[in-house]
Amino acid sequence: MSEEMRLRTPLGRALGLGSAKEGVAHWWAQRITAVALIPLVLWFVIELVALTGADRPAVMAWLHAPFAAIAMVLLLVAVFHHMSLGVQVVIEDYIHTEWLKIGALIVNRFAAFILGAAGIFAVLRIAFQG
Amino acid sequence: MSQAQRPLSPHLQIYKWQLTSVLSITHRATGLALSVGTVLLVWWLLAAASGADAFRVAQGFWYSWIGRLLLLGWSFSLFFHLCNGIRHLCWDAGRGFELKMVYRTGWLVVASSALLTLIAWIAGYAVRGHG
């Protein structure tokens, strides 16, 4: 057994959360959302290409279908979760002034929630109309 | 803190450009570009949900030359981030770390994201031509 392992408390080793106190939660969430986004993004791109030049009724009809509305909500949830995790790491890597870093982290998280809520609201509004 | 006399690693621009590092930073850059792009995606969805006038403004923007240029950049960014993301997931699974394989998958990512962008745009113009 290594020196490092013997210096850690049995509870600390059992929890396996490391010095960041959150273990691999961030890393894992980034991968889970990445895997989810593979089929969702491929679906989204195909749908968008098919909607090239479409007028508003065509877009409304598209999101009126349950499958498209559900897939779009799932896409938005996965995108904004994945985005906030990724941008967070970039901020932590490149911004070293403490108050700027904290401010950017707050703006990043708020932006993800606000854009996500607005996007999901728009999709549901179209889905539930008429 | 005694950090004054520590040796520092050389600045980034001293290193030779190589595919691996360029793809690595491009993954971050495309991720950030796509994050900015989500603002316009949400704008487009809100415009469709709010009414004919708002939608016409959004659609007008997307079909303008600046809108198309941005969309070209975002479509390539999306395909690149998708392809290179799958490459990263393979690494996470412990596969593809041999140097030869790293370069092979790297060029595969470059080729496939360029090809997918091309296909999407050709298909888009074909759809529009028929509509």
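FYI, it's all coordinate maths here, none of it is from the lab. What you see is a predicted model; the values in this text were computed from it and never measured. Reconstructed Cβ throughout: ideal geometry from the backbone, glycine too, with neighbour counts over all protein chains shown.
If you wrap a convex hull around the Cα atoms of the protein assembly as shown, how much volume per residue is inside, in Å³?
198 Å³
Its alpha carbons give the stretch B:20-130 an Rg and a Dmax of 17.0, 55 Å. Computed 3J(HN,Hα) for the stretch B:68-85, one whole-Hz value per residue from the Karplus formula 6.51 cos²θ - 1.76 cosθ + 1.60 where θ = phi - 60°, is 5, 5, 4, 5, 4, x, 6, 5, 5, 4, 5, 5, 5, 5, 5, 5, 5, x, glycine and proline marked x.
Across the stretch B:39-47, coupling constants 3J(HN,Hα) worked out from phi with the 6.51/-1.76/1.60 Karplus curve, θ = phi - 60°, read 4, 6, 5, 5, 4, 4, 5, 5, 5 Hz, and Gly and Pro carry x. Label separation (B:L118 vs B:Q5): 5.9 nm, computed from points 7 Å beyond Cα along the C-beta direction. Between the residues B:L108, B:A54, B:V42, the greatest Cα displacement towards the positive end of the dipole of chain B, with unit charges on the Cβ of Lys, Arg, Asp and Glu, is found for B:L108.
Calculate, for B:A126 and B:E98, the FRET efficiency according to 1/(1 + (r/R0)^6) with r their C-beta to C-beta distance and R0 35 Å; round to the nearest 0.05.
About 0.30, to the nearest 0.05.
Once divided by 2.2 N^0.38 Å, the Cα radius of gyration of the stretch A:47-130 becomes 1.41.
The fewest-to-most ranking of B:M101, A:M60 by surrounding Cβ atoms within 10 Å reads B:M101, A:M60. Stretched out straight at 0.36 nm per residue, the stretch from A:I46 to A:L15 would grow longer than its current Cα-Cα span by 6.8 nm.
Evaluate the charge dipole of the stretch B:20-130 about its Cα centre and quote only its size in Debye, nearest 20, assuming +1 on the Cβ of each Lys and Arg and -1 on the Cβ of each Asp and Glu.
In total the dipole reaches around 200 debye.
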